[in-house]
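Structure first, then comments.
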Amino acid sequence: MALYLITGGCGFIGSHLASALLARGDRVRVLDDLSTGLRDNLLPGCDLLEGDVADPALVRRAMEGVDGCFHLAAIASVELGLRDWLGTHRVNLGGTITVLDAARAGRVPVAYASSAAVYGEQARMPITEAAVPRPLSSYGADKLGSEQHARVAGAVHGVPSCGLRFFNVFGPRQDPRSPYSGVISIFCGRMAAGEPVTIHGDGRQTRDFVPVAQVVAALLGGMRAASVAAPVFNVCTGRPTSVLDLAQAVAAACGVAPDIRHGPPRAGEIRESFGDPALSERELGLGAAQPLAEGLREVVAWLRAGSPAAGVSR
Ligand code: NAD
Ligand code: UD1
């Protein structure tokens, strides 16, 4: 039985990871400041250290005696990064360096959340890990910075790590009420309530929507693959979906006719984004991801069952 630290363990992805670790008999310690995460997401049996992932003394304490650290705590919004550049940088890059620094003493392996946002606009689809990263957002730049610091941590300080470049993750427990939430939770929340949805721009922009179960499998594989060479992997399905098609698919999952409005395009919006999963399938042992329609039905079922987050506005 191993003990793992999950930073951001009260959040959407972190709480699914905690369930998987507990289910296989491991112990879980969570560090979270509950800024977007929910105490309700903390599973029985998990210890919570409440505080800031960029606080070195707290993170050192959280790291004591652990066999590995999953680092997920971040301000996970491209839009918030545009508005509060310095504040998000402190958490998104500063937090990662704090975690890597605390992992140094015990050479604790770190599997951490990077993002497809590191790629920015790419000419060739699907995007492979060999593409030259050109982030278009401060959020993406901080994730790329996290990867670079992980490389230094391995080469200079012997800290094993693995970076997972998540594409657009979705699933139950993603807060439908937050304007900074992912498009799937927003569309599902609004359509299930009979409300209209707003598409930013013409809706022909594409994304690669990854079910959260696939992300959890990638994190577990990433922990096994962590090394001082600091590898990074795409976590994606390889299937592009336009936002327009997504709106239709969500409407079908909700059993409603879609009421779609169009707003102005977002600043710094990436037009086309879908990844090549071949490397992660080979190196992390990932199987094919669940089809989108099936995943959407699970989100809608969770919402209709009275999700804890559905009544909370943050
Ligand atoms: P989330 O907001 O649900 O989870 C983030 C967690 O981190 C929350 O529990 C929050 O309270 C916590 N947190 C934020 N700032 C903190 C701080 N200063 N100190 C301690 N805890 C803090 O988001 P998520 O979707 O679960 O994202 C998890 C990770 O995956 C993030 O690193 C995010 O950047 C990354 N990621 C997510 C997606 C996606 O589509 N959801 C895609 C790419 C990468
Ligand atoms: C998302 C992630 C980010 C991750 C990145 C990886 C979230 C909140 N953010 O950013 O953490 O690093 O993927 O690629 O999951 N849209 C609408 N209407 C809405 C909401 C969104 O049209 O009401 C559109 C957006 O303009 C965008 C697409 O849907 O084109 C996806 O948006 P969003 O879910 O916010 O994700 P990204 O910005 O791609």
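Let's see how each residue does on (1) under 16 Å from L219 (Cα atoms); (2) open to solvent by 30 Å² or more (accessible area, probe 1.4 Å); (3) in contact (Cβ under 8 Å) with a residue 40 or more places away in the chain:
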site: A18; (1), (2), (3): yes, no, no
site: D33; (1), (2), (3): no, yes, yes
site: L42; (1), (2), (3): no, yes, no
site: D55; (1), (2), (3): no, yes, yes
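Going by the conditions given, is G106 without any contact (Cβ under 8 Å) to a residue 40 or more places away in the chain and either over 30 Å from L21 (Cβ atoms) or in a loop (DSSP other than H, G, I, E, B) (or both)? Judged against the criteria, G106 is not a match. If you go through region 40-75 and pick out every residue that is of a type outside the set (A, V, I, L, M), within 11 Å of ligand 1 (Cβ to nearest atom) and at pLDDT below 95, you end up with 1. Of the numbered criteria (1) among the β-branched types (V, I, T); (2) open to solvent by 20 Å² or more (accessible area, probe 1.4 Å); (3) closer than 18 Å to A102 by Cα, the one V28 fails is (2).
Just name the residue that is nearest to ligand 2 (Cβ to nearest atom) out of those in region 118-141 that are open to solvent by 10 Å² or more (accessible area, probe 1.4 Å) and within 17 Å of the chain's Cα centre (by Cα).
As a first pass, look at region 118-141 and keep what is open to solvent by 10 Å² or more (accessible area, probe 1.4 Å): 121-126, 128-139, 141.
When the remaining residues are screened for being within 17 Å of the chain's Cα centre (by Cα), the result is 135, 137-139, 141.
Values: P135: 10, S137: 8, S138: 12, Y139: 6, A141: 12 Å.
Checking each candidate, the answer is Y139.
Here are A217, A213, A251, A230: which of them is open to solvent by less than 20 Å² (accessible area, probe 1.4 Å), among the small types (G, A, S), touching a residue at least 12 places away in the same chain (Cβ under 8 Å) and in the same structural domain as P160 (by TED's automatic domain parsing)?
Numbers: A217 fails: open to solvent by less than 20 Å² (accessible area, probe 1.4 Å); A213 fails: open to solvent by less than 20 Å² (accessible area, probe 1.4 Å); A251 fails: in the same structural domain as P160 (by TED's automatic domain parsing).
A230 is the lone residue from the list that is open to solvent by less than 20 Å² (accessible area, probe 1.4 Å), among the small types (G, A, S), touching a residue at least 12 places away in the same chain (Cβ under 8 Å) and in the same structural domain as P160 (by TED's automatic domain parsing).
Entry remark, region 148-168: residues being surrounded by 24 or more Cβ atoms within 10 Å (Cβ to Cβ), under 24 Å from A267 (Cα atoms) and not aromatic (F, W, Y) number 1 in total. When every residue of region 6-15 is checked against the conditions, none turns out to be surrounded by fewer than 15 Cβ atoms within 10 Å (Cβ to Cβ) and either within 13 Å of ligand 1 (Cβ to nearest atom) or under 17 Å from V91 (Cα atoms) (or both). Exactly one of (1) within 14 Å of ligand 2 (Cβ to nearest atom); (2) in contact with a strand residue (DSSP E or B) (Cβ under 9 Å, 6 or more places away or on another chain); (3) farther than 23 Å from G14 by Cβ is unmet by E195. Its number? Result: E195 passes all but (2).
Got a number for residues in region 64-75 being surrounded by 23 or more Cβ atoms within 10 Å (Cβ to Cβ) and in contact with a Lys or Arg (Cβ under 9 Å, 6 or more places away or on another chain)? Counting residues in region 64-75 that are surrounded by 23 or more Cβ atoms within 10 Å (Cβ to Cβ) and in contact with a Lys or Arg (Cβ under 9 Å, 6 or more places away or on another chain) gives 1.
Flag: L38 does not match the condition of being in contact (Cβ under 8 Å) with a residue 60 or more places away in the chain, open to solvent by less than 20 Å² (accessible area, probe 1.4 Å) and touching a helix residue (DSSP H, G or I) at 6+ places or on another chain (Cβ under 9 Å).
Given the criteria within 15 Å of ligand 2 (Cβ to nearest atom) and either of a type outside the set (V, I, T) or over 13 Å from L5 (Cα atoms) (or both), does L48 qualify? It would help to see each step written out before you state the result.
Numbers: within 15 Å of ligand 2 (Cβ to nearest atom): no; either of a type outside the set (V, I, T) or over 13 Å from L5 (Cα atoms) (or both): yes.
The answer is no for L48.
Residue by residue through region 179-193, note down the ones that are open to solvent by less than 40 Å² (accessible area, probe 1.4 Å), among the hydroxyl-bearing types (S, T, Y) and in contact (Cβ under 8 Å) with a residue 12 or more places away in the chain. Scanning region 179-193 gives a single hit, S185.
Of the residues H157, H149, H89, which single one is in contact (Cβ under 8 Å) with a residue 24 or more places away in the chain and within 16 Å of ligand 2 (Cβ to nearest atom)? Spell out how you get there, then give the answer.
Working: H157 fails: within 16 Å of ligand 2 (Cβ to nearest atom); H149 fails: within 16 Å of ligand 2 (Cβ to nearest atom).
Testing whether each residue is in contact (Cβ under 8 Å) with a residue 24 or more places away in the chain and within 16 Å of ligand 2 (Cβ to nearest atom) leaves just H89.
Of all residues in region 154-185, exactly one satisfies the criterion of being under 14 Å from S115 (Cβ atoms) and of a type in the set (S, T, N, Q), namely N168.
Could you tell me which of the residues A253, A257 is in contact with a Leu (Cβ under 9 Å, 6 or more places away or on another chain) and of a type outside the set (S, T, Y)?
Values: A257 fails: in contact with a Leu (Cβ under 9 Å, 6 or more places away or on another chain).
Just one listed residue meets the conditions, A253.
The residues in region 76-94 that are surrounded by fewer than 20 Cβ atoms within 10 Å (Cβ to Cβ), hydrophobic (A, V, I, L, M, F, W, C) and modelled with pLDDT of 95 or more can be counted, and the count is 2.
The values are calculated or read from the model by the stated rules, or taken from the named source; none is laboratory data. Quick caveat: nothing in here was measured; it's all calculated off a predicted structure. When we count neighbours, we look across all protein chains shown, and the Cβ atoms used for this are built from the backbone with ideal geometry, even at glycine. Side chains are part of the model used for accessible areas, which takes the heavy atoms of the whole protein and leaves out ligands, DNA and RNA. Shrake-Rupley method; radii C 1.70, N 1.55, O 1.52, S 1.80 Å.
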